[in-house]
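Read-outs: derived from the displayed coordinates by stated rules, not from any lab. Everything numeric in this text was worked out from a predicted model, so none of it was measured. Note that each Cβ is placed from the backbone with ideal geometry, even for glycine, and that neighbours are counted across all protein chains shown.
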Amino acid sequence: MQRELRSESGFTLIELAVVLVLIGIAAALVLPLGLSKAANSAALDTEAQKLAGTIRLARQKSITQDVPGTTYGVRFKNSTNATSYRLFSRNPATGSSWTGEEQELDKHVIIDSAGHVEIVFDNSGNTTDTGIVVLMEVSGNNRTITLEVNSLGTVDIQ
């Protein structure tokens with residue numbers, strides 16, 4: 001009896017290994033780009049929440065201040081493309097003083113305070129420094145987050 005020779009179809013182990021290596025190389029090239037963009041986006045969200053919290057803290061401190069006439073606010077390092085901000089207090093008798101450490105932004109985020117050097121709250125929690133503060137990614141997908149401070153001193157994140 002003779003055995004019939006059949007042709008077997010399929011992939012060899014070497015062919016499968018080559019395909020897996022190629023997929024691995026492609027993933028190694030593409031994955032860091034996606035992770036970098038996600039990290040930058042997360043940093044932007046975090047910095048927006050921190051800045052909004054500092055602005056709200058300045059408002060709260062102005063309302064509950066210990067020394068009559070003292071106002072609190074947030075000062076940006078410069079008015080365009082700031083990389084840090086700081087909480088401060090101001091008393092007409094003693095002048096301004098810093099109440100907290102300078103808050104450095106993540107290296108991928110900058111602030112455009114639209115010309116505002118500072119946002120100051122009066123003893124009622126109101127401000128005349130209404131406006132928009134924009135946080136921007138400097139790399140990645142160039143996303144922005146807008147913080148809007150109204151005359152009543154509330155901060156809306158958009």
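Couple of notes before you dig in:
- Charge tally for Ile132 (other residues, Cβ to Cβ under 14 Å; Lys, Arg +1; Asp, Glu -1): -4.
- Per-selection metrics, the range 13-157 (Cα): Rg and Dmax in Å: 21.3, 83
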